[in-house]
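To keep things clear, I will list the structure first and then write my remarks on it.
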Amino acid sequence: MATLAVASCALFAGLATATQTVVIGEVEVQSTGDAAYVEAMRAAIVRTTGRRSAAADPAFATLIQDARRYVQIFRPPTGGNPARITLDVVAIERAIAALGQTTWSRERPVVLGVITAAPEGADPGTVRAQLERAAIERGLPLRLSSAAAAGVTPGTVVTPEAALLAARRAGADVALVGAADGAEWQWTLFDGASATVFYGDVAAGVEGAADTLALGSLAAVAQPLGEAEFHVRGVRSLKDYADVQKLLVAMPAIKSADLVATDAEGAWFRVEVSGGAAGLAEALATQPRLKREGGSNSRDYRYGP
């Protein structure tokens, strides 16, 4: 193996990944007085834990009762805009951990939202507003696009390959595709490993996607960290190295990824990953652009478009 030039490694230092840091502690509230602080805390707990049900979970009762002590800034309503409260997120995360509860990393996958066919009578502006509001409430990075802009044909069934390609083009990690199911909605989340379907109202897809991604993230990071190295064939250029590194660090289980060497067929990467080598295999199984070659113990993968 040949070590890569310093200039190539330096390329990775400023790379942006497809994940996005979610704003947890900035909350718009409709209530007044102490009720406003409680409303803000409930919203922050939902975003922090990744669980909609956490707002009413008795496990967080003391945290909600002490909501006012976590307030950093209170901005009163002005010009028709609601009041806004800024909470101390770091302190909230510490308090949640002290209660024995888990938190969803603030670095979260970006979701591309596309509608191929809305139920009859659905107003596009109202639908967009409802989707954006649900995404804010759940702490889900949502990037909405028209079907045409995403490169899919309106009114048709979208394949997993087309959905994930559209997500990559939009700088997202996964795709959430909405279609009419009579008067209701059918939403399909394509995350590389599987396609999960949610039925219900316009916000059902966002709610389901947040549940799925948060649960997957928490399960991935629950394992102890370990280092693992693996080989990626088909990596030829600096752009390829950069693309693979971005794919890796966007995965919840992987904490860091470094390019350590190159050879005639590709490149070697060293990652810090929850679960070590076994955790790496599980994480890479969800990434369609990195296909394992050889048996179940192989460290060889093939990079593809």
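Key figures for this structure:
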item	result
Overall dimensions of segment 8-167 as given by Cα atoms, namely Rg and Dmax in Å	19.0, 55
Net charge over other residues, Cβ less than 9 angstrom from the Cβ of Ala209 (K, R count +1; D, E count -1)	-2
Span-like helix ranges in the chain, DSSP H, alpha carbon extent 20 angstrom or more, Kyte mean at least -0.5	34-49, 204-221
Residue with peak Gaussian network fluctuation, the chain [Cα springs, cutoff 10 Å], from Ala180, Ala267, Ala278	Ala278
5 angstrom amide H check on Arg302, placed H, neighbours 5+ away	Arg233, Lys291, Arg292, Glu293
Calculated FRET efficiency for the pair Ala242/Asp123, C-beta based, R₀ 51 Å, to 0.05	0.80
Theoretical gain in end-to-end length, Glu184 to Glu107 [0.36 nm per residue, Cα-Cα removed]	24.6 nm
Among 143-152, 78-87, 41-50, 160-169, the order from most to least packed when residues are scored by Cβ within 10 Å on average	41-50, 160-169, 143-152, 78-87
GNM top mover of Ala40, Ala117, Ala59 - the chain, alpha-carbon springs below 10 Å	Ala59
q = 0.14, 0.18 Å⁻¹: log10 I(q)/I(0) that the Debye formula gives for segment 86-203, counting C-alpha atoms only	-0.63, -0.92
Check: the chain dipole with +1 on Lys, Arg Cβ and -1 on Asp, Glu Cβ, in debye	500
Beta bridges by DSSP in segment 27-142, antiparallel share as percent, to the nearest 5	90
Inter-label distance, nm, simple model (7 Å from Cα along the C-beta direction), Leu225/Asn81	3.8
Accessible area per residue in Å² at 1.4 Å probe, computed on the chain	48
Cα gyration tensor, the chain - rounded (a/c under 1.5), prolate or oblate	oblate
Euclidean distance between Cα centres, segment 162-192 to segment 25-58, Å	28
Cα gyration tensor shape of segment 168-235, rounded if a/c is under 1.5, else prolate or oblate by comparing a/b with b/c	oblate
Charge context of Arg138, other residues only, Cβ under 9 angstrom, K/R +1, D/E -1	-1
Summed residue charge, Cβ within 13 Å of Ala117's Cβ, Lys/Arg positive, Asp/Glu negative	-3
Counting DSSP beta bridges with both ends in segment 138-235, the antiparallel % (nearest 5)	100
Rounded to 5, the percent of DSSP beta bridges in the chain classed as antiparallel	80
Among Ile136, Ile64, Ile73, residue whose mean-square fluctuation peaks in a GNM of the chain (springs only between Cα atoms under 10 Å)	Ile73
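The values are calculated or read from the model by the stated rules, or taken from the named source; none is laboratory data. Just so we're clear, the structure is a prediction, and the values are computed from it rather than from any experiment. Every residue, glycine as well, gets a Cβ built from its backbone with ideal geometry; the counts of neighbours run over all protein chains shown. Surface accessibility is based on the protein's heavy atoms, side chains included, excluding ligands, DNA and RNA. Shrake-Rupley method; radii C 1.70, N 1.55, O 1.52, S 1.80 Å.
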